[in-house]
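Down below is the structure, laid out as structure tokens.
What follows draws every value from the coordinates through simple rules; no lab data is involved. What you are looking at is a predicted structure, and each value in this text was computed from that prediction instead of being measured. Reconstructed Cβ throughout: ideal geometry from the backbone, glycine too, with neighbour counts over all protein chains shown.
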Amino acid sequence: MSLTVDSDGAATYDGRAMADPPSPRPLQISQSTTAHLFSLAESLGNFRGSQLESRHKVADLGKKTLTYEGRGETNRVEFNYTENHTAQQLVEEFEKISNVEQHIAQLEYAIKYDPLGLPEQLRQIQIELNQHALIEADLLTPTLQKITSNSHFLHLAQSRAQDILGRIHEQN
């Protein structure tokens, strides 16, 4: 998974298996989320000389790479696990945005190839909204509108999509 965010909120998401070819998807992150991400990065010195890897032995949780490019500098830090709360929070924020992008891809697939699977996909989104596991959930809006406006989909799918749309609009 790769998520790149510019200071103006223009972003690119690429979630794929390493063997698959790149398929970056452009998206726009809200100004408040963008400011929060950059504030966290700044708190970490924009990763300049950062050592975030924990000294404790932990299971392989997957390598995370945080990169800052700006002001003529490029700083990068890699770690498997960190005890730094700011770095943990930054990674969690990126994961929550990625969760939304993964749901969009899953919904688009289900719309084309598995319309009977839509209610379950939408139920998972409802659960993650309850758990506050999604940031920038409004990125789901165009896909959810496709579901609510298409009478070929199960009423349950349309109803869940409408519920999610209502919850997203309440949050904004």
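Based on Cβ point charges of +1 for Lys and Arg and -1 for Asp and Glu, what charge dipole magnitude is obtained for the range 94-172 about its Cα centre, in debye rounded to the nearest 20?
200 debye
Using packing as a proxy for protection, rank 139-149, 6-16 so that the peptide with the highest average count of other Cβ atoms within 10 Å comes first.
So the peptides 139-149, 6-16, ranked by packing, come out 139-149, 6-16.
Quick one: Kirkwood hydrodynamic radius for the chain, alpha-carbon pairs, angstrom, one decimal?
It is 17.6 Å.
For the pair R55 and S149, what calculated FRET efficiency results from E = 1/(1 + (r/R0)^6), where r is the Cβ-Cβ distance and R0 = 45 Å, to the nearest 0.05? Please list the in-between numbers first.
Details: r = 54 Å, r/R0 = 1.20.
It comes to 0.25.
Quick one: Cα centre-to-centre distance for the range 103-128 and the range 13-27, in angstrom?
When both Cα centres are located, 19 Å separates them.
Testing the spin-label approximation: label points 7 Å from Cα along Cα→Cβ at Q28 and M1. State their distance in nm.
My value for the distance between the label points is 2.4 nm.
Against the longest principal axis of the chain, how steep is helix 31-43, in degrees 0 to 90 to the nearest 10, with axes from Cα atoms?
That works out to roughly 20 degrees.
Working out 0.36 nm times the residue gap between A10 and S159, then minus their Cα-Cα distance, what length gain in nm do you get to one decimal? Could you put the intermediate results ahead of the total?
Values: separation 149, 0.36 × 149 = 53.64 nm, distance 3.15 nm.
Gain on stretching A10 to S159: 50.5 nm.
Got a sec to turn the phi values of the range 116-124 into Karplus ³J(HN,Hα) couplings, 6.51 cos²θ - 1.76 cosθ + 1.60 with θ = phi - 60°, whole Hz, x for Gly and Pro?
6, x, 4, x, 5, 4, 5, 4, 5
Taking the Cα centre of the chain as origin and charging only Cβ (+1 Lys, Arg; -1 Asp, Glu), how large is the dipole, in debye to the nearest 20?
About 200 debye.
Straight-line reach only, C-alpha to C-alpha below 29 angstrom: list the lysines that K63 could link to, leaving out same-chain residues fewer than 8 apart.
K96
Counting other Cβ atoms within 10 Å, which trypsin sites (Lys or Arg not before Pro) in the range 25-109 have at most 16 and lie in a DSSP loop?
When the trypsin sites (Lys or Arg not before Pro) of the range 25-109 are filtered for loop state and at most 16 Cβ neighbours within 10 Å, R48, R55, K57, K63, R71 remain.
Please give the helix 155-171 orientation as an angle from the longest Cα principal axis of the chain, in degrees from 0 to 90, rounded to the nearest 10.
40 degrees
So what's the back-of-envelope 222 nm ellipticity for the chain, counting only DSSP H runs of four-plus at -39500 (n - 2.57) apiece and dividing by all residues, rounded to 500?
-15500 deg cm²/dmol
Where does helix 85-113 land angle-wise versus the long Cα axis of the chain, in degrees 0 to 90, nearest 10?
Result, in degrees: 30.
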